[in-house]
Amino acid sequence: MKLTREEVREVAYLSRIEMTDEELDRMTGQLGAILDYADMLNELDLEGVEPTSHVIPMKNVMREDVVKESCGVEKALMNAPDRFGDFFRVPKVIDEGEGH
Amino acid sequence: MELCTKTASELIGMLRAGEIDPIDIVDSTFKRINDKEPDVKAFIAVLEESARKRAEELKDADRSLPLYGIPVAVKDNMCMEGAQTTCGSKILTPFEPPYDATVVEKLKAAGAVIVGKTNMDEFAMGSSCEWSAHHPTRNPWDLERAPGGSSGGSAAAVAACECAMSLGSDTGGSIRQPASLCGVVGMKPTYGAVSRYGLVAFASSLDQIGPFARDVRDCAMLLDVICGHDPKDSTSIDREPPDHVAALDAGAAGMTVGMIKDLFGEGVEPGVRERVSAAAEVFEKMGAKIKEIEMPIVKYALPAYYLIAPAEASSNLARYDGVQYGMREDADDIVSMFRKTRRAGFGAEVKRRIMLGTYALSAGYYDAYYLRALKVRTLIVKEFEKAFAECDILMSPTSPSTAFKLNEKIDDPLAMYMMDICTIPVNLAGLPGMSIPCGLSDGLPVGLQLIGPTLGEQALLRAARAFEIGSGICGMMPGEKMD
Amino acid sequence: MKYEPVIGIEVHAQLKTDSKLFCGCSTGFAAAPNHHVCPVCLGLPGTLPVLNRKAIEYVVRTCIALECEVSPASRFARKNYYYPDLPKAYQISQYELPIGRNGKLTVRAGGREKTIRIHRIHLEEDAGKLVHDASGGSCVDYNRTGIPLMEIVTEADVRSSEEAVAYLTSLRSILQYIGVCGANMEKGEMRCEPNISVRPVGAEEFGTKTEMKNLNSFRAVRLGVDFEIERQIDAIENGERIVQETRRWDEATQTTQTMRSKERAHDYRYFPDPDLVPVEVSASVVELIRAKAPELPEPRRVRFISQYGLPEYDAEVLTGSKAMADFFERAASLHNDPKAVSNWIMTELMGCLNESGKTIDECAVTAEDLTALLELMGKGVISARMGKDVFKDMFASGRPPAEIIKEKGLEQMNDETAISDAVEKVIADNPGPAADFRAGKKQAAGFLVGQVMRLTGGKANPKIVGRIIEDKLLSE
Ligand SMILES: [Zn+2]
């Protein structure tokens, strides 16, 4: 699988990172090299091998349904780049097929 | 001898005897910091004011607290109220967390004096500290060289005696590799032994917080303070933690130490190979048995890691979008704001890993990359289990090389990634690992990596302490060389 | 050509836990934005989720009610996408291993029974809320972020808007019965997103489907689904292609409209959330939850018929909502004539509710007050006709019947001497009708009784009045 610049452009969009064509070119080369290296995993026979997501086997870690005090609106908004009343304000939202 | 050059256990003895007060240590520490920081640059933020205030408060506190009056530095990816947490990134400049990480709470409760937030590769992605958005940190043994990374600031601060001990985080070697390059002791505990609550996530299934110190006893002391179950971290192991200090002096006699042959081969500098091989002789001298073992699968750990860790990172770092905190680039619509903010806020290495991880998780590539890597992870776990069926602990070099020159590897991502070839398998298997100094090569420290089975920290520390005694290498300091 | 709609329904039900899914913040209504938040639900760097046990119990309860298989091992996955109301830029949801699978719900629609298969039930966290402000920007409120949502997805078994509404009505009733969800669509506690396609009758293959949002009432579901079916059939007949898209129901125009013009491929990059460990619900835990589970509507309906001797129709109406059925049972336990209780609820109480637009939960009359009223009528303290007026007052004021009767002096007059005096006066004042009655014109009695009632302000016991008139006129 050879990585193309168009694929990298799509990945940059999915990652919400703006990139110039020049940057995309460089990124295509670097990611390609890393993915080529990762292809060495194809040497292994993984037939019947289960994937490991959690290395320490644990299950059913839960808390009781008890309400705790919230941190307060001032702490919530203390780092807000654009505070408007008790809201975080952001530029106009345009729906691009994601969201819900 | 200045107070700042003493180990924590020495200082605690003097404090409890009433010979000194916490403020004396703080005075000595900040004098040292003021001396060394222009060269070493281990810190992103030096917290002198709050440290002095804390030392004053401690004067009348209970002197039997486990870290009473001890100056400790914290890596800048651990949240602490009242200070910035930048993770070495522009995108979190500014960000002041409204809460304390569990480890920070524990340090405070133990009577420690937090002296500053240490430098790191941006979001802990890197092996040299050069990817910090603030400035590179320099190795106290040779200011032309890198301290390693990503917890390079925490390692350098301890090596330069700017604090007695420090906390780092280790996702693929980020504690052990800089400990090796800076000639200090560093440990990555078992995954789940120390709470991750308040540690800014890089790769959640691999991240662990751990201690840096100048000797094994201090390392065990700090581990005792930070480990234990935390109900705020679902992956935290629920058990009564053992007393690690108490386990220290059991000696290495009767232990079987496995030498992982596959990690002594190609790419390892001869000087490093020599020092680490000599370490095996020390263990034998101390009554341990050395057993050579083969682990052919470990070479696949690096490529597997560079799919798993970026995949998790791509999701963990998605929240840096300029909405709630950190920097924001102005734009007319939300998508442009996201894209411009993340363009301006992230450095090259972080972007590379986000892109790599996004790709590995995206439709059509998930099975070929991410899922395959998780399966390889299973094989690595199994191979370690097999090794621990015949060995108590395992040994290898920590890093294939001693400290490298600044800028030497910055333009070659793969060469930089290779620096973690010995440490990464341990993270993938969730095992405890530590690096202890085992001598010098061309005047630069060499680190010995010891690996234990799951929750085998006591065995590790015991072997490490035995090595200190057997080798006479304990509390190595760049001292004279630097001045 | 005849077309057949093929509909699958996705429901998001807000679980009635006290705290959020992964943190201790309250799920209650907050007057001001960003007041029910903490570092965890704000997704601040370094924070970690810890799962609410009750949410799992509620989903398992739902699985049992909808006859789903409960997965012995399920886990949480991250659904990655960027949106300002999603603080971590991923939603913790479930993907490969949901808690429940392969269930069913049988509903009655168009006089027939219809079984709708449940594809899956999973648990996820809600997102925040965007408010558009005058400056052209958007304001974000994270109060709702992290509230537990249960997603219930059917197979594409629904064939009409009537079946869709029947399914949703039945589902709502079940969720309320088992106490896991308020299920009020207007309040957004239950959100419904049908996906709709049409195909020629007899065709095997499915058509291209559209997904519908913003259906905030059963009425909107009925109108919206019907509209969309018609729209698709018209489009196909005009030779147009149906585009896979999300369409929004617009109440104002009563039409559906495209929500997303730019169709960029969704790629949510689901992967297991490394911050959470697997959930294993063993068969014995399922049994434990089953044993504690409240009675469902269908068995309760059957029991109402056998235990209280109610007609089918009454039993069905009364068990239509859990609160109503609870009201009935409480009242029936206090009064020895369940049929009378049922009649009063079905006519007077439901009449008042309909008129006022209130639900039984908002009703001021308690089961105790209703049975007290029935007792007073039984003892003859007031007449049945008077009882209806008293009930209306009870409904409006929330006061107990005895108080109303006393204050208004509505007690029935049973004193024979007093009634006799009144009768004599009426006979004296109305010699004509009295003579008619004596002459055998029985219908004249009605007029005379009416006059006595008027004279006594309606309080005289009409039975006694009738008897005394007869006595007086016929014994002379
Ligand atoms: Zn919260």
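The values are calculated or read from the model by the stated rules, or taken from the named source; none is laboratory data. Keep in mind the model is a prediction, meaning the values are calculated, not measured. Note: ideal-geometry Cβ built from the backbone for every residue, glycine included; neighbour counts use all protein chains shown.
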Q) Looking only at residues in region C:1-46 that are of a type in the set (Gly, Ala, Ser) and away from the ligand (no atom under 13 Å from the Cβ), which one is surrounded by the fewest Cβ atoms within 10 Å (Cβ to Cβ)? A) C:Ala31
Q.
Exactly one of these conditions fails for A:Arg9: (1) surrounded by fewer than 16 Cβ atoms within 10 Å (Cβ to Cβ); (2) away from the ligand (no atom under 16 Å from the Cβ); (3) at the interface with chain C (Cβ under 8 Å from one of its Cβ atoms). Give me its number.
A. (3)
Q: Being assigned to a loop (DSSP other than H, G, I, E, B) and under 17 Å from the mean Cα position of the chain (by Cα) is the filter here, so list the residues in region B:212-266 that pass it.
A: B:Arg214, B:Asp215
Q) Which residue pairs have Cβ atoms closer than 8 Å, lie 6 or more positions apart in sequence or on different chains, and pair a first residue in region C:78-90 that is of a type in the set (A, V, I, L, M) with a second residue that is not in a loop (DSSP other than H, G, I, E, B)? A) C:Ala89/B:Ser315; C:Ala89/B:Ala318; C:Ala89/B:Arg319; C:Ala89/C:Asn80
**Q.** Search result, residues across region B:90-122 that are within 14 Å of chain A (Cβ to nearest Cβ) and of a type in the set (A, V, I, L, M, F, W, C)
**A.** B:Ile91, B:Leu92, B:Phe95
**Q.** Subset of region B:321-347 (residues that are at the interface with chain A (Cβ under 7 Å from one of its Cβ atoms) and more than 33 Å from the chain's Cα centre (by Cα))
**A.** B:Ala331, B:Asp332, B:Asp333, B:Ile334, B:Val335, B:Met337
(Q) Taking the condition of being within 14 Å of chain C (Cβ to nearest Cβ) and assigned to a loop (DSSP other than H, G, I, E, B), how many residues in region B:53-89 meet it? (A) 12
Q. Pick from region C:47-56 the residues that are assigned to a loop (DSSP other than H, G, I, E, B) and buried (at least 24 other Cβ atoms within 10 Å of the Cβ): which of them is farthest from the ligand (Cβ to nearest atom)?
A. C:Leu48
**Q.** Residue in region C:248-258 that is surrounded by 13 or more Cβ atoms within 10 Å (Cβ to Cβ) and either among the small types (Gly, Ala, Ser) or over 29 Å from the mean Cα position of the chain (by Cα) (or both) present
**A.** no
Q: Scan region C:258-268 and give yes if some residue there is under 30 Å from B:Lys232 (Cβ atoms) and either within 14 Å of chain B (Cβ to nearest Cβ) or outside any loop (DSSP other than H, G, I, E, B) (or both), otherwise no.
A: yes
Q: For A:Glu43, indicate whether it is surrounded by 17 or more Cβ atoms within 10 Å (Cβ to Cβ) and without any contact (Cβ under 8 Å) to a residue 24 or more places away in the chain.
A: no
(Q) Can you say whether A:Ile17 is under 30 Å from C:Asp126 (Cβ atoms), more than 8 Å from chain C (Cβ to nearest Cβ) and at pLDDT below 95, as far as the supplied structure shows? (A) no
Q: Within region C:273-327, count every residue that is surrounded by 21 or more Cβ atoms within 10 Å (Cβ to Cβ), of a type outside the set (A, V, I, L, M) and not assigned by TED's automatic domain parsing to the domain that holds C:Thr359.
A: 3
Q: Go through the residues of region C:87-96 one by one and say whether even a single one is within 16 Å of the ligand (Cβ to nearest atom), part of a loop (DSSP other than H, G, I, E, B) and either touching a strand residue (DSSP E or B) at 6+ places or on another chain (Cβ under 8 Å) or not hydrophobic (A, V, I, L, M, F, W, C) (or both).
A: yes
Q: State which residue pairs qualify: first residue facing another protein chain (nearest Cβ under 7 Å) and inside region C:29-56, second residue modelled with pLDDT under 95 and within 9 Å of the ligand (Cβ to nearest atom) in any location, beta carbons under 6 Å apart, and separation of 6 or more residues or different chains.
A: C:His36/A:Ser70; C:Val37/A:Ser70; C:Cys38/A:Ser70; C:Cys38/A:Cys71
Q: Considering only region A:53-72, state which residues are modelled with pLDDT under 95 and either within 16 Å of the ligand (Cβ to nearest atom) or more than 7 Å from chain C (Cβ to nearest Cβ) (or both).
A: A:Val55, A:Ile56, A:Pro57, A:Glu69, A:Ser70, A:Cys71, A:Gly72
(Q) Is it the case, given these coordinates, that B:Pro94 is more than 22 Å from the chain's Cα centre (by Cα) and either assigned to a helix (DSSP H, G or I) or free of Cβ contacts under 8 Å to residues at least 40 places away in the same chain (or both)? (A) no
Q. Which condition number does C:Gly182 fail, the rest of (1) outside any loop (DSSP other than H, G, I, E, B); (2) more than 16 Å from the ligand (Cβ to nearest atom); (3) not charged (D, E, K, R) being met?
A. (1)
Q: State all residues of region C:197-227 that are out of contact with any Gly (no Cβ under 9 Å at 6 or more places or on another chain) and closer than 21 Å to C:His12 by Cα; if no residue qualifies, say none.
A: C:Thr210, C:Glu211, C:Lys213, C:Ser217, C:Phe218, C:Arg219, C:Ala220, C:Val221, C:Arg222, C:Leu223, C:Gly224, C:Val225
Q. Residues that are away from every other protein chain (no Cβ under 14 Å) and away from the ligand (no atom under 16 Å from the Cβ): which strands (runs of 3 or more DSSP E) entirely in region C:98-178 hold 1 or more of them?
A. C:100-109, C:112-125, C:148-154
Q | Failed condition for B:Ser234, given (1) surrounded by fewer than 18 Cβ atoms within 10 Å (Cβ to Cβ); (2) out of contact with any Ser or Thr (no Cβ under 9 Å at 6 or more places or on another chain); (3) within 14 Å of another protein chain (Cβ to nearest Cβ) | A | (1)
(Q) Let me spell it out: the conditions are (1) farther than 16 Å from C:Gln257 by Cα; (2) surrounded by fewer than 15 Cβ atoms within 10 Å (Cβ to Cβ), and C:Val243 meets all of them except one. Which number is the exception? (A) (1)
